[in-house]
Amino acid sequence: MPRLIIATGNAHKVQEIKDALDQADLDFTVLSLKDLETVPEIIEDGTTFAENAHKKTAALAAAYPADYILADDSGLIIPALNGEPGVYSARYAGDHDDQANNEKVLTKLAALDGGDRSAHFMTVMELVGPGKEDLKVSGQVDGVITTEPAGDNLFGYDPIFYYPEAGKTFAQMTVSEKNGLSHRGRALEKLLQALPEWLAK
């Protein structure tokens, strides 16, 4: 069975991808970075999500050329802030400090209202494999930045990202609700649709 290395140590993300592959009846031995004997240095200094996803796949493919490699990069984009926080989403106000990141966004948007608070989450996924062209897909979900945090499922920008169609923030949703419409879920759905034909080439 071919091995698929997912460029993350996030157990939740790995399980989500495993479940999706199972549902699509695609057989891979799925590994995360935590399962590897050695993990090459990955420097995410790209200016776009696509560049950072590619840096991950390129570094891992060089170390494990016989395996399939899947990487993604994602973040929050706010047009009124010239696309910030973008590729710096995780470290916008420091190193992976969710509360500080949220406060920075709310402070910067304090004088704006209505459509000026529109935002979207974006994920770009890249899959590479021996003898294969890179397969790239993306997923996006549109919303609005609230004026204050709401919800108990505190992760990233979820407490300040309001999804109008559901009438609540991502942090007010259950995990299954959010996964059903998330940017990563949408990208993963596109990937699974393209995967059988890509594997057959």
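The values are calculated or read from the model by the stated rules, or taken from the named source; none is laboratory data. Every value quoted in this text rests on a predicted model; they were computed, and no experiment measured them. Note: ideal-geometry Cβ built from the backbone for every residue, glycine included; neighbour counts use all protein chains shown.
Out of ASP142, ASP134, I need the residue that is within 30 Å of MET1 (Cβ to Cβ), charged (D, E, K, R) and touching a residue at least 24 places away in the same chain (Cβ under 8 Å). Which one? First the steps, then the outcome.
Values: ASP142 fails: within 30 Å of MET1 (Cβ to Cβ).
Matching residue, one of ASP142, ASP134: ASP134.
Scan region 35-47 and report the pairs whose first residue is under 24 Å from ASN82 (Cβ atoms) and whose second residue is among the acidic types (Asp, Glu), with Cβ atoms within less than 9 Å and a gap of 6+ or a chain change.
GLU44/GLU51; GLU44/ASP73; ASP45/GLU51; GLY46/ASP73
Is there any pair with a first residue in region 98-121 that is under 15 Å from LEU76 (Cα atoms) and a second that is of a type in the set (D, E, K, R) and in a helix (DSSP H, G or I) whose Cβ atoms are under 6 Å apart and which are 6 or more apart or on different chains, and what are they?
Close Cβ pairs satisfying both conditions: LEU109/ARG117.
Do you know which residues across region 1-19 are of a type in the set (Gly, Ala, Ser) and at pLDDT 85 or above? Quick ask: steps written out before the conclusion?
First, the residues of region 1-19 that are of a type in the set (Gly, Ala, Ser): 7, 9, 11.
Hits for region 1-19 are ALA7, GLY9.
In region 60-79, which residues are closer than 19 Å to MET125 by Cα, surrounded by fewer than 19 Cβ atoms within 10 Å (Cβ to Cβ) and among the small types (Gly, Ala, Ser)?
Residue satisfying the conditions is ALA62 alone.
In region 131-153, how many residues are part of a strand (DSSP E or B) and β-branched (Val, Ile, Thr)?
Narrowing region 131-153 to residues part of a strand (DSSP E or B): 135-145.
Add one more test, that the residue is β-branched (Val, Ile, Thr), and what stays is 137, 141, 144-145.
Residues meeting the conditions: 4.
Specify the residue that is nearest to ALA58 (Cα to Cα); the eligible residues are those in region 98-115 that are among the acidic types (Asp, Glu) and under 24 Å from the mean Cα position of the chain (by Cα). Before the answer, list the steps.
Residues of region 98-115 among the acidic types (Asp, Glu): 98, 103, 113.
From what's left, under 24 Å from the mean Cα position of the chain (by Cα): 98, 103.
Details: ASP98: 29, GLU103: 35 Å.
If we take residues in region 98-115 being among the acidic types (Asp, Glu) and under 24 Å from the mean Cα position of the chain (by Cα), then ASP98 is nearest to ALA58 (Cα to Cα).
Within region 37-56, can one find any residue that is at pLDDT 95 or above, among the aromatic types (Phe, Trp, Tyr) and either under 20 Å from the mean Cα position of the chain (by Cα) or farther than 23 Å from HIS120 by Cβ (or both)?
There is at least one residue in region 37-56 that is at pLDDT 95 or above, among the aromatic types (Phe, Trp, Tyr) and either under 20 Å from the mean Cα position of the chain (by Cα) or farther than 23 Å from HIS120 by Cβ (or both).
Can you tell me which residues in region 158-198 are without any contact (Cβ under 8 Å) to a residue 60 or more places away in the chain, in a helix (DSSP H, G or I) and of a type in the set (Phe, Trp, Tyr)?
Within region 158-198, PHE170 is the sole residue that qualifies.
What pairs come out if I take residues in region 52-69 that are in contact (Cβ under 8 Å) with a residue 40 or more places away in the chain and pair them with residues that are among the aliphatic types (A, V, I, L, M) and surrounded by fewer than 19 Cβ atoms within 10 Å (Cβ to Cβ) whose C-beta lies under 6 Å away, six or more apart or interchain?
Going by the 6 Å Cβ cut-off, the qualifying pairs are LYS56/ILE42.
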